[in-house]
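Heads up, the thing below is written out as structure tokens.
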Amino acid sequence: KCACVGIQQMGALHWIVYYIDQWDKKDLNYTTGRILMTTNEQRFDKSIIDEDGIGAGPLDTLNKGRGLQNYIGFRNPSLSYQDNQFYSNNRTDNVYKLKDLILKGHIHITDDALLNELETLKYTFDHNQRRILISKDKMRKEGVKSPNLADSLIMAISLIGEVDYKQ
């Protein structure tokens, strides 16, 4: 499935999840159109698209084909030990950024499906004893469905502090 989660800043340290959408159709044109329609209707300031999966096609179409600038890609490369001594990749780093926001009460999440997906995320350790989330393939083997909504929220969280406005 493809998923979209919108967050909104309500105060200096307070965020809410205010928009959630998910669809099954994996057609490039349909997904690109759905992303464009959603971002316009919801007036998202910035949108982040998973560049490692099916999202690479819509991202290219939106950025290069239409020349739009408010779409960026989310990549999940392995991080070197010098770059990050605690987490093995970008996704895991942002999951713990989200966990910190939740524990401090800085983000408000009311959607049960999203909360259930967040509860299914598990991690292990790499050879440097850094945390890394288990892969979606391993999750499927254990009978856990893909956390599409949770991944969308994780990507949205990665943008906190990155959105700049012109004065």
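When the residues of the range 127-149 are narrowed to those that are among the charged types (D, E, K, R) and more than 24 Å from residue 23 (Cα to Cα), which ends up most open to solvent (accessible area, probe 1.4 Å)?
Among those that are among the charged types (D, E, K, R) and more than 24 Å from residue 23 (Cα to Cα), it is 131.
The number of residues in the range 74-105 being closer than 17 Å to residue 150 by Cα and of a type outside the set (A, V, I, L, M) comes to 13. The residues in the range 66-102 that are over 15 Å from residue 154 (Cα atoms), open to solvent by 50 Å² or more (accessible area, probe 1.4 Å) and hydrophobic (A, V, I, L, M, F, W, C) can be counted, and the count is 2.
Inspect all residues belonging to the range 119-126 and state whether any of them is assigned to a helix (DSSP H, G or I), open to solvent by 50 Å² or more (accessible area, probe 1.4 Å) and at pLDDT 90 or above. Yes, there is a match, as at least one residue in the range 119-126 is assigned to a helix (DSSP H, G or I), open to solvent by 50 Å² or more (accessible area, probe 1.4 Å) and at pLDDT 90 or above.
Within the range 134-158, the set of residues being at pLDDT 90 or above and either of a type in the set (Ser, Thr, Tyr) or in contact with a strand residue (DSSP E or B) (Cβ under 6 Å, 6 or more places away or on another chain) (or both) comprises 148, 149, 152, 153, 155, 156, 158. Might you check whether a residue that is surrounded by 13 or more Cβ atoms within 10 Å (Cβ to Cβ), of a type in the set (Phe, Trp, Tyr), free of Cβ contacts under 8 Å to residues at least 24 places away in the same chain and under 25 Å from residue 107 (Cα atoms) occurs anywhere in the range 34-53? Checking the range 34-53: not a single residue is surrounded by 13 or more Cβ atoms within 10 Å (Cβ to Cβ), of a type in the set (Phe, Trp, Tyr), free of Cβ contacts under 8 Å to residues at least 24 places away in the same chain and under 25 Å from residue 107 (Cα atoms).
Scanning the range 7-27 for residues that are exposed (fewer than 13 other Cβ atoms within 10 Å of the Cβ) and in contact with a His (Cβ under 6 Å, 6 or more places away or on another chain) gives a single hit, 13. Based on what the data block shows, is residue 112 more than 16 Å from the chain's Cα centre (by Cα) and among the acidic types (Asp, Glu)? It is true that residue 112 is more than 16 Å from the chain's Cα centre (by Cα) and among the acidic types (Asp, Glu). Annotation: of all residues in the range 54-65 being closer than 20 Å to residue 148 by Cβ and out of contact with any Gly (no Cβ under 6 Å at 6 or more places or on another chain), the one that is surrounded by the most Cβ atoms within 10 Å (Cβ to Cβ) is 58. Remark: pairs (first residue in the range 69-94, closer than 29 Å to residue 58 by Cα and without any contact (Cβ under 8 Å) to a residue 12 or more places away in the chain; second residue open to solvent by less than 20 Å² (accessible area, probe 1.4 Å) and outside any loop (DSSP other than H, G, I, E, B); Cβ separation under 8 Å; 6+ apart in sequence or on different chains) = 78/89.
The values are calculated or read from the model by the stated rules, or taken from the named source; none is laboratory data. Given the structure is predicted, the values throughout are model-derived calculations rather than measurements. Note: ideal-geometry Cβ built from the backbone for every residue, glycine included; neighbour counts use all protein chains shown. Calculation scope for accessible area: heavy atoms of the full protein, side chains included, ligands and nucleic acids excluded. Shrake-Rupley method; radii C 1.70, N 1.55, O 1.52, S 1.80 Å.
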